[in-house]
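What follows is a short report on a single structure.
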Amino acid sequence: TPPDGRGLGATWHGKLDISSALSQVDTRWDQSLTRLSTHIRLELDDQGREKRMRSRQLLRADVDGPDRWVTIFRRDEPGPPPVITTVAPHRIGKVVESEATGLLVAEVLFDRELTRGESIIVEYTLEHRDPRPSSTELQSTLHVPVREYVLEVRFDP
C-alpha cells in the first residue's frame, strides 16, 4: 500500500488522474480485501488484437462488511472502453467511463456483505467494443500484493 494513503488512485499517479472517476464509485473496501489469487485470461483475435479479458479474483475479507470489488481498465489510446459483464450471483454496480482517456472504473457487487475471514471468487469479463490495435505488450497494474498472479493468453486458432 502506498505510504501516502492514496490507495487505489496512487497506482495511476503520473499516468492519468483517475481521482474524479474513483470519487464516483465506492472504494472504501479496497484495502480490506486480501488478494489471494488473480487469474487473467486474455483472448486475441486472428489478427492478434485483444477481443476480451476475463478476470478471476480470489479475495479474503479482512473485516466485516466488504460488498464490492472495484476494477480499473485503461486503453493505451482514446476510444470507447470495454463493456464489463459478470455472472450471478454478482452484478455490476456503478460504472464510470471516459472515451477521451479510454478509462473504465467499475464496481462488481457481491450478493451479500462478507464477514471477516470469508473468501469469495469474483469473476468479470471486459469485452472490447471495437478492434484494438495489434500489440506485443500487455500491462497489468497491481497496487497491493497478490499471492498468485496468472496471465493466460489464448490465441485464435
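The values are calculated or read from the model by the stated rules, or taken from the named source; none is laboratory data. On a predicted model such as this, the values are computed, not experimentally measured, just so you know. Note that we place each Cβ from the backbone using ideal geometry, even for glycine, and neighbour counts take in every protein chain shown. Calculation scope for accessible area: heavy atoms of the full protein, side chains included, ligands and nucleic acids excluded. Shrake-Rupley method; radii C 1.70, N 1.55, O 1.52, S 1.80 Å.
Looking at (1) touching a strand residue (DSSP E or B) at 6+ places or on another chain (Cβ under 6 Å); (2) open to solvent by 30 Å² or more (accessible area, probe 1.4 Å), which is the one condition that is false for residue 76?
(1)
Name the residues in the range 28-48 that are farther than 17 Å from residue 118 by Cβ and surrounded by fewer than 16 Cβ atoms within 10 Å (Cβ to Cβ), would you?
Of everything in the range 28-48, those that are farther than 17 Å from residue 118 by Cβ and surrounded by fewer than 16 Cβ atoms within 10 Å (Cβ to Cβ) turn out to be 28, 41, 45, 46, 47, 48.
What is the number of the single condition among (1) modelled with pLDDT of 95 or more; (2) under 22 Å from residue 140 (Cβ atoms); (3) surrounded by fewer than 16 Cβ atoms within 10 Å (Cβ to Cβ) that residue 63 does not meet?
Among (1) modelled with pLDDT of 95 or more; (2) under 22 Å from residue 140 (Cβ atoms); (3) surrounded by fewer than 16 Cβ atoms within 10 Å (Cβ to Cβ), residue 63 violates only (2).
Quick check: is even one residue across the range 27-38 modelled with pLDDT of 90 or more, over 14 Å from residue 122 (Cα atoms) and in a strand (DSSP E or B)?
no
Between 137, 113, 123, 148, which is on the phi < 0 side of the Ramachandran plot, open to solvent by 70 Å² or more (accessible area, probe 1.4 Å) and touching a Pro at 6+ places or on another chain (Cβ under 8 Å)?
Going through 137, 113, 123, 148 in turn, just one is on the phi < 0 side of the Ramachandran plot, open to solvent by 70 Å² or more (accessible area, probe 1.4 Å) and touching a Pro at 6+ places or on another chain (Cβ under 8 Å): 113.
Just to verify a result, which residue in the range 71-88, among those that are under 19 Å from residue 29 (Cβ atoms) and modelled with pLDDT of 95 or more, is farthest from the chain's Cα centre (by Cα)?
86
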